[in-house]
Amino acid sequence: MKKILLYSGIVAALAGTGCKKFVDVNNNPNNPLTVQEKLLVSPAEFYIAHGLDAPGSNNGTATTDGEGDASTYAQHFMQTICYNQVPLNYGTYYFQNTALSLTWGTVYNDELENLQSLIQVSQKNGNPNYTAIGEILTAYTLGFATDLWGDIPYSKALGGATNLTPTYDSQASIYDSIQALLDRGIADIGKATGLKVGTDDYFYSGNMTEWKKLAYSLKARYYMHLTKAPGHDPVAQSNLALTALQNGIAANSDDWKFVYPGGATSQAAWYTVMLPLSTLCASSEIVDTLVGRSDPRLPFFITRSKTGNAYAGRPIGAGTVGNLNTYSSLGAYFAAVNATQYLMPYTEVQFILAEANLRVSGVAAAQPFYTAAITNNMTKVGVAAGDITTYLASRGTLTSANALQRIMEEKRIAHLLSPENYVDWRRTGWPAMNIVQNAQVSAIPRRLIYPQTEINTNPQPQQSATLTDRVWWDAP
């Protein structure tokens, strides 16, 4: 594993800087503890939003077609986006290990190393609120990486050049670390001492009550990830999630989100990835799903084609190249120049409550949370009340036969570009998807392969994994 410590300085306030230059990243492996907390928080948050959850891991620049970004690959696997290219490509599961290095570098160089420095500096200076943010964001970063790769280096991997070939932690132990980090973050928030966090916090502007709600909500998210993990009971995991959410995100005002200014040089990542100079468009799978259900979010989530003015997705893996103007793209809600990046909105919590209550108490307990989640999401998007009522009449009633399927299908649509959808599909089987045309492997991928840079510098037994192998919690 390549061990380079990066730390970052903020060059200007967010609103006055470009998407490519929110932060200025400089290499300095020699003196990690001299950087002040306020110079570490902003870049760490930026790379979380713009380099992990959204496709911008190329040193903060959203690459054309999202090449090299794991968040984009997850959307190919979930059949949301499609290349207007002949195979072979990522949409048909053609991967080489060299394609995975950018996100891996963001996880370790831009996030885990910097966050460790933030935790160390804030502990030394007696600033527990900053420590808490570092711990919570470390938990999220570990969760993001382990859900894609399974076993990953962590406990022996950080701290500069002290260990160039760290062994990998098991995914089970990574999940233990995630929950422990979130618990420590919650405890540190409760320490009313030290330097207060301010506008250097892009997410909550130093409102530690909101950070505490987020930590509890992330605990619930990661409890639910283990509903079919070996040695874990889905009802027990659901009860843990319900307990955590008693203190979690409880309103749209609590949303964990990143707001892009939207100027000429401060554009949202998905806007940049889906620009016309790209060859990406909306897939026929997602367009046909929304059209088939008469989903009133369709015009917000999907554009009409420039030619023909139709909602027309491209079939993934098609053997010929079409005219890009004849296909739909992603709509303004997700891919406008100033689209908000929602990392964990209240609606996700509502869907977690629906699923957890279903597993613990049954359909009747899940129904109000399911209805509220759809209603809240549609209202936030801008759907008229009458259209919400009409949609709920066709999709709103849960039964013992359809409840988990409906909850997962609606959760996927509400958070169309969230990496969480790929986790949910693997652990529940919903939404149902078929393997694409001209697929290069025998099944829809269930993980990422390890990057070539990691294989070259830190060879480990886990690196023999293939795209169709399962991570630990994804038990058959």
- Note on the structure: Expected output for region 205-222 (first residue part of a helix (DSSP H, G or I), partner among the acidic types (Asp, Glu), Cβ below 7 Å, 6+ apart or cross-chain) is Glu210/Asp254; Lys213/Asp254
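Among Ala336, Ala364, Ala310, Ala318, which is within 20 Å of Leu392 (Cβ to Cβ) and either open to solvent by less than 10 Å² (accessible area, probe 1.4 Å) or not hydroxyl-bearing (Ser, Thr, Tyr) (or both)? Talk me through it step by step, then tell me what you get.
Values: Ala336 fails: within 20 Å of Leu392 (Cβ to Cβ); Ala310 fails: within 20 Å of Leu392 (Cβ to Cβ); Ala318 fails: within 20 Å of Leu392 (Cβ to Cβ).
Residue meeting the stated conditions: Ala364.
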- Test: Ser238 is open to solvent by less than 10 Å² (accessible area, probe 1.4 Å), more than 17 Å from Ala139 (Cα to Cα) and modelled with pLDDT of 95 or more: yes
- Message: Which of the numbered conditions does Asp233 fail, given that it passes all the others? Conditions: (1) over 30 Å from Ala465 (Cα atoms); (2) out of contact with any helix residue (DSSP H, G or I) (no Cβ under 6 Å at 6 or more places or on another chain); (3) not hydroxyl-bearing (Ser, Thr, Tyr).
- Response: (1)
- Query: Out of (1) closer than 19 Å to Tyr154 by Cα; (2) open to solvent by 60 Å² or more (accessible area, probe 1.4 Å); (3) in contact (Cβ under 8 Å) with a residue 40 or more places away in the chain, the odd one out for Asn456 is which?
  - Reply: (3)
- Query: Within region 251-260, is even one residue among the small types (Gly, Ala, Ser), in contact (Cβ under 8 Å) with a residue 40 or more places away in the chain and surrounded by 15 or more Cβ atoms within 10 Å (Cβ to Cβ)?
  - Reply: no
- Item | Residues (open to solvent by 70 Å² or more (accessible area, probe 1.4 Å), under 30 Å from Thr209 (Cβ atoms) and either touching a Leu at 6+ places or on another chain (Cβ under 8 Å) or in a loop (DSSP other than H, G, I, E, B) (or both)) located in region 152-191 | Lys191
- For Asp424, all conditions in the list (1) in contact (Cβ under 8 Å) with a residue 24 or more places away in the chain; (2) crowded, with 21+ Cβ neighbours inside 10 Å; (3) closer than 20 Å to Gln367 by Cβ hold save one; what is the number of the exception? (1)
- Message: For region 403-414, check the following and say yes or no: at least one residue is in contact (Cβ under 8 Å) with a residue 60 or more places away in the chain, open to solvent by less than 20 Å² (accessible area, probe 1.4 Å) and of a type in the set (Gly, Ala, Ser).
- Response: yes
- Query: Residues in region 56-104 that are within 18 Å of Leu324 (Cα to Cα), open to solvent by less than 10 Å² (accessible area, probe 1.4 Å) and at pLDDT below 95: how many?
  - Reply: 1
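The values are calculated or read from the model by the stated rules, or taken from the named source; none is laboratory data. Everything numeric in this text was worked out from a predicted model, so none of it was measured. Reconstructed Cβ throughout: ideal geometry from the backbone, glycine too, with neighbour counts over all protein chains shown. In case anyone asks, the SASA skips ligands and DNA or RNA and just uses the protein heavy atoms, side chains included. Shrake-Rupley method; radii C 1.70, N 1.55, O 1.52, S 1.80 Å.
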